[in-house]
Structure formats: structure tokens, C-alpha cells
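K.L.:
Questions regarding the structure given below will be posed in turn.
Coordinate-derived values only; no laboratory data. Note that this is a predicted model, so its numbers are computed, not measured. No Cβ is skipped: glycine too gets one built from the backbone with ideal geometry, and neighbour counts run over all protein chains shown.
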Amino acid sequence: MKYDLLLAPVTGWFIAQGMKYLVYLRKDGLQFADLFVSGGFPSSHTAFVVAPTVLLGLKNGLDDPLFVVTAIIACLVMYDATGVRRSSGEQAVAIKELASKTGKTLTTKMHAAKGHSPTEVIGGIAVGFAVGFGFYLVG
């Protein structure tokens, strides 16, 4: 495939976001905005970076410099998802609770589900691996 390294991450993201949309059906009905929510299972950011990494590793070998660079970036994304982004989401929950208890009004909308649990990242790895392997088989 000519554009497989562009299509693989986009496909991984769409599949992960679609799965997330189905996993977290809203009690008040489906909302289009739910397709773009961050956080949750599986991690679409992880699927986005793992898909081309797997594809490159399979096509070019694990000693290919481009594979190494994408693997490092994938590790950074996954580390950030379970670390900094997750803690900022937990802080948003705490701030909302504090504001609610004190009767204060927040001036900005805070979205609590910014990061991922390790299980959510593992789900993203599985989606990314499946997509990268699928593109390898097709290409």
C-alpha cells in the first residue's frame, strides 16, 4: 500500500474511538461528541502510535532507525497517558468536588477523563498491534 504508514495510525485511532464509543454508551443516548472524548478504554492515542510502529517493525525490521524512533515516541505517549495526563484528570475530579462542596462556580469546563489507566493503554496497544499487523498482511 502506498500510504499504509499514514492510514495505519488513522485507522487505529478510528477503531479505538469507535470501540470507546460503543463501550461507553451514554445513559442519555448517543452523542456525536462522545466520538472525540479523551480517556477511556481503549486508548486511541496509544493505538495511533502503536499501529505504525508495529507496521514499521514488521516491514523494515526492529533494527530500522525509523522503527526505533517511532517505538520511542510510542513509549513516551503511553507513559504520558498513564502519568501526567491521568493525574491531571484526577485533579480535575478533585477540583470539581471541591467547587461543588464550597458552592464555587468554575469558570472553565473541566473534563476529568484526560488520561488512561494501564488497562486502557494495554487495550490501545492491542488495537494498534492488530491494525499494524493487518496493514502488514494486506500490504
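K.L.:
Is segment 23-31 home to any residue that is more than 16 Å from the chain's Cα centre (by Cα) and under 24 Å from GLY128 (Cα atoms)?
P.N.:
yes
K.L.:
Mind listing just one residue for me: the one in segment 47-105 that is surrounded by 12 or more Cβ atoms within 10 Å (Cβ to Cβ) and of a type in the set (D, E, K, R) and, of those, farthest from ILE125 (Cα to Cα)?
P.N.:
Filtering segment 47-105 for residues that are surrounded by 12 or more Cβ atoms within 10 Å (Cβ to Cβ) and of a type in the set (D, E, K, R), the one farthest from ILE125 (Cα to Cα) comes out as LYS96.
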